[in-house]
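See below for the structure under consideration.
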Amino acid sequence: MTQITASGTSRPAPRTTARPALRRLVVAAAASVASLASLSVSLPVAYAQHAPPHGDRLVVTVRDAGGGADGTYEVRCRPSGGSHPDPAGACAAVERNTRWGEEAFAPPPRDAACTLQYGGPATARVTGTWAGRPVDATYDRVNGCAIARWDRLVPLLPEPRSARHP
């Protein structure tokens with residue numbers, strides 16, 4: 001499109017319609033960036049508000065594991081501590097088994113096909129708080145599923161003496 005000036009010469013017409021559209025696009029993009037920036041700052045703050053105030057705390061009671069592993073132990077995580085023989089390792093074991101949307105201490109599904117093997121008389125109970133949620137779980141070694149569930153939490157749960165090789 002051209003425009004005729006008062007002197008009779010022609011020149012390109014100004015693009016009046018493109019600039020408001022470009023301006024709206026730039027303003028919308030800037031608003032989006034500002035919204036995302038504020039969201040990225042608020043998410044960690046919101047998570048921190050719902051995190052356990054003193055980290056996670058578990059009490060582990062072990063029976064019939066042998067080798068002096070029986071007893072009741074406290075485990076604190078973030079920071080690691082307590083009366084457990086290996087609090088950092090215990091916290092790491094639970095952390096390895098923590099997945100978003102899954103219960104870290106859940107029993108095997110009722111319809112799970114488990115091998116018919118016996119891992120010994122060891123039993124354990126874990127109570128307390130993990131990831132801000134209450135925990136009350138029991139463990140034994142009566143079949144392959146139970147043995148695998150126990151072994152995933154070693155060293156939170158001790159490796160039973162009967163399962164060790166000389």
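Here are some notes:
- Candidates are the residues of the range 129-165 that are small (Gly, Ala, Ser) and buried (at least 17 other Cβ atoms within 10 Å of the Cβ); the one that is nearest to ARG76 (Cα to Cα) is ALA137.
- Only one of ALA106, ALA113 that is of a type in the set (A, V, I, L, M) and more than 17 Å from ASP136 (Cβ to Cβ): ALA113
- Pairs where the first residue, in the range 95-117, is farther than 15 Å from PRO134 by Cα and the second is aliphatic (A, V, I, L, M) and part of a loop (DSSP other than H, G, I, E, B), C-beta under 6 Å, 6+ apart: ASN97/ALA104
- Meets criteria (aliphatic (A, V, I, L, M), open to solvent by 50 Å² or more (accessible area, probe 1.4 Å) and either at pLDDT 50 or above or part of a loop (DSSP other than H, G, I, E, B) (or both)) for ALA69: no
The values are calculated or read from the model by the stated rules, or taken from the named source; none is laboratory data. Just so you know, these numbers come straight off a predicted model, no measurement behind them. So basically every Cβ, Gly included, is an ideal-geometry build from the backbone, and we count neighbours across all protein chains shown. Just the protein is used for accessible areas: all its heavy atoms, side chains included, with ligands, DNA and RNA removed. Shrake-Rupley method; radii C 1.70, N 1.55, O 1.52, S 1.80 Å.
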